[in-house]
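The values are calculated or read from the model by the stated rules, or taken from the named source; none is laboratory data. What you see is a predicted model, and the numbers here were worked out from it, not measured in a lab. Cβ atoms come from the backbone with ideal geometry, glycine included; neighbour counts cover every protein chain shown. Each accessible area value is taken on the protein alone, full model and side chains, heavy atoms only, with ligands, DNA and RNA left out. Shrake-Rupley method; radii C 1.70, N 1.55, O 1.52, S 1.80 Å.
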Amino acid sequence: QVQLVESGGGLVQAGGSLRLSCVVSGRTFSRYNIGWFRQAPGKDREFVTAIRGSGGSTYYADSVKGRFTISRDNAKNTVYLQMSSLKPEDTAVYYCAADPAVVSFSPYEYNYWGQGTQVTVSS
């Protein structure tokens, strides 16, 4: 069983920064592709970024490219999402998700999910 736990959310002013963490249980963490998604009230869950387990290739939504950076520390079973130049429209619950087989922009392709962490950006 794979479990994911997000942390690092909070309230920040526009233009500020936050770093989210996603700790993944299990001894095969390095094999898992990890994605970050977000969901604002009344909206669908949307792709933010993802990182492959093998090779570490990264992918970003256009809306966050140049502002957000995903990275992973396999020794700590942790994936990080560094968010900079935050905007009010970044306000959402942020979720990390894991899957050993796919890297996808669709949330339906991921088998394992964390509980989410709230990010609120004030104007």
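Go through segment 74-89 residue by residue and turn each phi into a ³J(HN,Hα) via Karplus (6.51, -1.76, 1.60, θ = phi - 60°); whole Hz please, and just put x for glycine and proline.
So the J values, rounded to whole Hz, are 5, 5, 10, 6, 10, 10, 10, 10, 8, 10, 10, 6, 5, 10, x, 6.
Relative contact order, percent, of segment 26-73 when contacts are C-alpha pairs under 8 Å separated by at least 6 residues? It would help to have the intermediate numbers written out before the result.
Details: 58 pairs, mean separation 14.2, N = 48.
Relative contact order here is 30 percent.
With every protein chain present, what accessible area does LEU11 have (1.4 Å probe, heavy atoms only), rounded to the nearest 10 Å²?
Estimated to the nearest 10 Å², LEU11 gives 130 Å².
Residue by residue, what Karplus-based ³J(HN,Hα) values in Hz, rounded to whole numbers, does segment 2-9 have, using 6.51, -1.76 and 1.60 with θ = phi - 60° and x for Gly and Pro?
Residue by residue, segment 2-9 yields 9, 10, 10, 10, 8, 7, x, x Hz.
Any lysines with Cα under 27 Å of the LYS87 Cα? List them, leaving off those in the same chain fewer than 8 positions away.
Partners within reach: LYS43, LYS65.
Sorted by accessible area with a 1.4 angstrom probe, largest first, how do LYS87, LYS43 fall?
Result, largest first: LYS43, LYS87.
So if we plug the beta-carbon distance of SER54 and GLN115 into 1/(1 + (r/R0)^6) with R0 = 30 Å, what FRET efficiency do we get, rounded to 0.05?
With a Förster radius of 30 Å, E is 0.70.
Apply the Karplus parameterisation 6.51 cos²θ - 1.76 cosθ + 1.60, with θ equal to phi minus 60°, to every residue of segment 51-64 and state each ³J(HN,Hα) to the nearest whole Hz, in sequence, with x for glycine and proline.
9, 6, x, 9, x, x, 4, 10, 9, 9, 5, 4, 5, 10
Based on the Cβ-Cβ distance from SER85 to ARG31, what FRET efficiency comes out when R0 is 41 Å, to the nearest 0.05?
0.80
Relative contact order for the chain using alpha-carbon pairs under 8 Å, separation at least 6, rounded to a whole percent?
Relative contact order here is 36 percent.
Per-residue accessible area for GLU89 at 1.4 Å probe radius, Å² rounded to 10?
Counting only protein heavy atoms, the figure is 130 Å².
Considering the Cα positions of segment 27-104, please state its Rg to one decimal place and its Dmax as a whole number of Å.
Calculated on Cα positions, Rg and Dmax stand at 12.5, 37 Å.
Mind listing the long-range amide H neighbours of TYR112? Cut-off is under 5 Å, sequence gap 5 or more, other chains count too, H placed in the peptide plane at 1.01 Å from N.
Here the answer is ALA98, since their amide H atoms fall under 5 Å of that of TYR112.
How much solvent-accessible surface does TYR80 expose, in Å² to the nearest 10, with a 1.4 Å probe and all protein chains in place?
40
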